[in-house]
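Trainee: This is the structure, below, for whatever I ask next.
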Amino acid sequence: MRTMKYPNYQPLIDPAQPTSGLGRLIMGSAMTTIGYFALGLFYFATIAQLDSAMNWPQVSAEIESGSTPQGVLYLLGSFLMMIAALWVPLRLVHRRGLLGLFGPLRLVTRDFLRVSGAIVVLYICVALIPMPAKFMPAPNLDAAIWRAVLPLAVVAIFVQITAEELVFRGYLQSQLAARFRSPWIWIALPSILFGLLHYDPAGAGENARLVVFTAVLFGLVAADLTARSGNLGAAMGVHFVTNIAAILFAAPAGGLNGLALYTYPFAMDDTVAAAYWMPVDIMLLITGWLAARLMIKR
C-alpha cells in the first residue's frame, strides 16, 4: 500500500506500477505534449478550411481572446486533441487504456453527480450573498443566443475538464504515485504544473501569479479528491461546475467571456478587483472541497 492516508487510491496506482519508471513518464509526457500541439494545429487548420467564406484572422483572434461564442466553443473543442494525444503514449509507452485512468465507471458517475450537485447548491448560496455594487455583473450575451448554444457549450466544457483531469490527475498523478510513496510528490507536482500552465501575464497582468496560485490550489483540491475517492468523478464534478459558472454565467470583462450570460465590471489584470475576488475564490474553492468530501464520505 502506497499510503495509509489514501487507501482507496490503490486501484488507480496498481495499473501504473508495471511502467512506473521516470524514463517512461518523461517519454509519455513529451509524446502527449508534442501530440497535443500537432493535433491542435491540425484541428485549427481544419476549422480554417471548413468555410471558404470564413475570415480566419478574425476567428483566430476570437479564439485567442475568447470574446465570442464561436471563439470559446472552438477553443473548448480543441481539448479533444489533448485526449487523443494522451491515448497514444498510454498505449505505446504504458500499455494502459484511457478508460482505466477514470477508475470504476460506476463510482465515477456516482461521485460526479453527487459532487456536482453539492457544488451547484454552494454556488447558488454564494450568489444570494449581496456584493458591492461596483462588482455587480452586467448582462453580456443575448439571452436567446445563450439558450441556443447552452447544450453545446455544456458538452464542450465537459470535454475540456475531462481532458485536463485525465492528463493531470488520471495520468501524471497515478504514474507518479506508482513511482513515489510520498503524496507530497504525486499530489504537489501535477498541481504545480497545472497551475503554471495558467500563467498568462498578457491577459492577467500583475495578477498572473495570483491566477497561478489559485490554479495550483485547485489542482491540490482535485488531486486530494481523486486520491480519497479512488476515481476522477469527484474532481471532475468540482471542475465542471466551477468552469460552468466561470464560462457560462459570469466572467471577467475581456477574458474568455464570449459565452457568459453576464460579465463582471473588471478584467483579469485589475489589481484592485483582485483584492476582492481572490479571497472569495479561495474560500469558495476550500468550501467546495469540504462539500465534495462530505459527498464522497472520505
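The values are calculated or read from the model by the stated rules, or taken from the named source; none is laboratory data. Keep in mind that what you see is a predicted model, and the values were worked out from it rather than measured. Here Cβ is always computed from backbone atoms with ideal geometry, including for glycine, and neighbour counts include all displayed protein chains.
Trainee: Looking only at region 231-254, which residues are part of a helix (DSSP H, G or I) and crowded, with 24+ Cβ neighbours inside 10 Å?
Mentor: Result: Gly233, Ala234, Ala235, Met236, Gly237, Val238, His239.
Trainee: Of these, Asp224, Asp281, which one is farther than 30 Å from Ile13 by Cα and of a type in the set (D, E, K, R)?
Mentor: Going through Asp224, Asp281 in turn, the sole match is Asp281.
Trainee: Take the residues in region 86-97 that are on the phi < 0 side of the Ramachandran plot and not in a helix (DSSP H, G or I); name whichever of them is surrounded by the fewest Cβ atoms within 10 Å (Cβ to Cβ).
Mentor: Within region 86-97, the match that is surrounded by the fewest Cβ atoms within 10 Å (Cβ to Cβ) is Gly97.
Trainee: Same structure again: Test Gly255 against the criterion of being farther than 18 Å from Ser67 by Cα and small (Gly, Ala, Ser), and give yes or no.
Mentor: No: the conditions fail for Gly255.
Trainee: If you take the residues of region 193-209 that are loosely packed, with under 15 Cβ neighbours inside 10 Å and in contact with a helix residue (DSSP H, G or I) (Cβ under 7 Å, 6 or more places away or on another chain), which of them is farthest from Leu166 (Cα to Cα)?
Mentor: Among them, the one singled out is Glu206.
Trainee: Got a sec? Which helices (runs of 4 or more DSSP H) wholly within region 174-230 have at least 1 residues that are closer than 25 Å to Gly97 by Cβ and under 13 Å from the mean Cα position of the chain (by Cα)?
Mentor: Qualifying helices (runs of 4 or more DSSP H): 188-196, 208-229.
Trainee: Could you say which residue among Ala204, Ala234 is on the phi < 0 side of the Ramachandran plot and at pLDDT 95 or above?
Mentor: Ala234 is the lone residue from the list that is on the phi < 0 side of the Ramachandran plot and at pLDDT 95 or above.
Trainee: Do we find a residue being surrounded by fewer than 18 Cβ atoms within 10 Å (Cβ to Cβ), at pLDDT 95 or above and within 15 Å of the chain's Cα centre (by Cα) anywhere in region 98-111?
Mentor: The answer is no; no qualifying residue exists.
Trainee: Which residues, taken from region 142-173, are surrounded by 20 or more Cβ atoms within 10 Å (Cβ to Cβ) and either of a type in the set (Asp, Glu) or over 17 Å from the mean Cα position of the chain (by Cα) (or both)?
Mentor: Glu164, Glu165 - these are the residues of region 142-173 that are surrounded by 20 or more Cβ atoms within 10 Å (Cβ to Cβ) and either of a type in the set (Asp, Glu) or over 17 Å from the mean Cα position of the chain (by Cα) (or both).
Trainee: Could you check, for region 35-46, whether at least one of its residues is surrounded by fewer than 15 Cβ atoms within 10 Å (Cβ to Cβ), in contact with a helix residue (DSSP H, G or I) (Cβ under 7 Å, 6 or more places away or on another chain) and over 30 Å from Ala250 (Cβ atoms)?
Mentor: Within region 35-46, not a single residue is surrounded by fewer than 15 Cβ atoms within 10 Å (Cβ to Cβ), in contact with a helix residue (DSSP H, G or I) (Cβ under 7 Å, 6 or more places away or on another chain) and over 30 Å from Ala250 (Cβ atoms).
Trainee: What helices (runs of 4 or more DSSP H) completely inside region 1-85 contain at least 1 residues that are closer than 23 Å to Gly103 by Cα and basic (Lys, Arg)?
Mentor: Helices (runs of 4 or more DSSP H) meeting the threshold: 22-50.
Yes/no per residue for (1) under 18 Å from the mean Cα position of the chain (by Cα); (2) of a type outside the set (D, E, K, R):
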position: Ile244; (1), (2): yes, yes
position: Ala251; (1), (2): yes, yes
position: Leu256; (1), (2): yes, yes
position: Ala260; (1), (2): yes, yes
position: Asp269; (1), (2): no, no
position: Leu284; (1), (2): yes, yes
position: Leu294; (1), (2): no, yes
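Trainee: In the list Pro69, Pro89, Pro132, Pro137, which residue meets the criterion of being in contact with a strand residue (DSSP E or B) (Cβ under 6 Å, 6 or more places away or on another chain) and in contact (Cβ under 8 Å) with a residue 24 or more places away in the chain?
Mentor: Pro137
Trainee: Condition first: surrounded by 15 or more Cβ atoms within 10 Å (Cβ to Cβ) and out of contact with any Leu (no Cβ under 6 Å at 6 or more places or on another chain). Now tell me which residues in region 12-32 satisfy that.
Mentor: Matches in region 12-32: Leu12, Ile13, Pro15, Ala16, Thr19, Ser20, Arg24, Leu25, Met27, Gly28, Ser29, Met31.
Trainee: Please go through (1) assigned to a loop (DSSP other than H, G, I, E, B); (2) surrounded by fewer than 20 Cβ atoms within 10 Å (Cβ to Cβ); (3) not acidic (Asp, Glu) for Thr287 and return the number of the only condition it doesn't satisfy.
Mentor: (1)
Trainee: Shifting gears a bit: Which pairs have Cβ atoms under 7 Å, sit 6 or more apart or on different chains, and link a residue in region 220-240 that is farther than 18 Å from Pro104 by Cβ and in contact (Cβ under 8 Å) with a residue 40 or more places away in the chain to one that is not acidic (Asp, Glu) and not in a helix (DSSP H, G or I)?
Mentor: From residues that are farther than 18 Å from Pro104 by Cβ and in contact (Cβ under 8 Å) with a residue 40 or more places away in the chain, the pairs are Ala223/Ile187; Asp224/Ile187.
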